[in-house]
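In what follows, a structure is listed as structure tokens, so that the remarks can point back to it.
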Amino acid sequence: MKYLIFVIFTCFSQQANAEQTLPHDVNLFIQNADTCYHFAGEISGDNSKRDKEVQQNMRKPCNAADRQYKQLMKKYKHNTKLIETINATDYVQNTGYGQSASN
């Protein structure tokens, strides 16, 4: 049990350290992108009241992520590591943005 707790703690601390080494604007994008992607997975497609609530809640983080993605691609176009990190998000992988990163 102590070993399991140690492993879990180590994983979380490594993730936290990785996020701390990223620029603030990249961390903000990742937060918005993750939130947007999460909400997208909550939509059932039945146009129910719940779907409408989810769509309303996802509007702000998704719009922000769209805007931030374009800005970050321009700002960090010469930083391959950051571009790879940004393009590795589920949000980018599932929206096709990564395919047009050079635009």
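Within region 66-84, restricting attention to residues that are of a type outside the set (A, V, I, L, M) and crowded, with 18+ Cβ neighbours inside 10 Å, the residue that is nearest to Leu28 (Cα to Cα) is Gln68. What residue, among those in region 49-74 that are touching a residue at least 40 places away in the same chain (Cβ under 8 Å) and in contact with a helix residue (DSSP H, G or I) (Cβ under 6 Å, 6 or more places away or on another chain), is farthest from Glu84 (Cα to Cα)? Taking the candidates together, the pick is Gln68. Restricting attention to region 21-31 and to residues that are assigned to a helix (DSSP H, G or I) and not aromatic (Phe, Trp, Tyr), the residue that is nearest to Lys81 (Cα to Cα) turns out to be Val26.
In region 28-48, which residues are touching a helix residue (DSSP H, G or I) at 6+ places or on another chain (Cβ under 6 Å) and either closer than 29 Å to Asn79 by Cα or at pLDDT 90 or above (or both)? Hits for region 28-48 are Phe29, Asn32, Ala33, Thr35, Cys36, Tyr37. Considering only residues in region 32-65 that are part of a helix (DSSP H, G or I) and of a type in the set (Asp, Glu), the one that is surrounded by the fewest Cβ atoms within 10 Å (Cβ to Cβ) turns out to be Glu53.
The values are calculated or read from the model by the stated rules, or taken from the named source; none is laboratory data. Model, not experiment: these values are computed from the prediction. Here the Cβ is made from the backbone with ideal geometry for all residues, glycine too, and neighbour counts use every protein chain on show.
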